[in-house]
Amino acid sequence: MPLEVTDIQTLKSYIDGVMERADHHAGGVNEISLALAGAIVWRKDNEPIKVMVRDGETKNVLWVKINHTPYAFSYNHTTGEIELRERSIRGKILHTFSNKTPVSQVKQIFESL
């Protein structure tokens, strides 16, 4: 069951976990993760962000609605990138992000959602 993120402290706790995991296992996305967190908060609808929880711990999967459309963000261990998918974690990949992604491109992508 996903955890609904409805307050800043829960969001901070989730981001802390993402950053800790990225620093240890996914250094290619540890910087872009912060830009994505800001972009998600900026563009999200007035509904809670949801994050995956397994065995009582949050994982690197996040769902958000932007302009009434659900999007899933997840880390792909094979490519070392964060994927933005349409509607679900199995949906069409719309974009991928890594530390090589310019922040200006993140802004453009989120403006287009």
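Rundown of residues vs (1) hydrophobic (A, V, I, L, M, F, W, C); (2) closer than 14 Å to residue 40 by Cα, yes/no style:
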position	(1), (2)
67	no, yes
74	no, yes
77	no, no
107	no, yes
110	yes, yes
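Let's see how each residue does on (1) under 23 Å from residue 113 (Cβ atoms); (2) at pLDDT 90 or above:
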site	(1), (2)
9	no, no
40	yes, yes
44	yes, yes
75	yes, no
83	yes, yes
90	yes, yes
98	yes, yes
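Restricting the first residue to segment 34-48 and requiring it to be farther than 15 Å from residue 8 by Cβ, which pairs with a second residue that is surrounded by fewer than 18 Cβ atoms within 10 Å (Cβ to Cβ) and of a type in the set (Lys, Arg) meet a Cβ separation below 6 Å and a spacing of at least six or different chains?
Short answer, once both residue conditions are applied: 45/65; 47/65.
Mind checking which strands (runs of 3 or more DSSP E) fall wholly inside segment 38-113 and carry at least 3 residues that are over 14 Å from the mean Cα position of the chain (by Cα) and either crowded, with 16+ Cβ neighbours inside 10 Å or not aliphatic (A, V, I, L, M) (or both)?
Answer list for segment 38-113: none.
Applying the selection to segment 1-14, what residues are over 11 Å from residue 49 (Cβ atoms) and among the hydrophobic types (A, V, I, L, M, F, W, C)?
Listed by number, the residues that qualify are 1, 8.
The values are calculated or read from the model by the stated rules, or taken from the named source; none is laboratory data. The structure displayed is predicted, hence computed values, not measured ones. Virtual Cβ from ideal backbone geometry, glycine too; neighbours counted across all protein chains shown.
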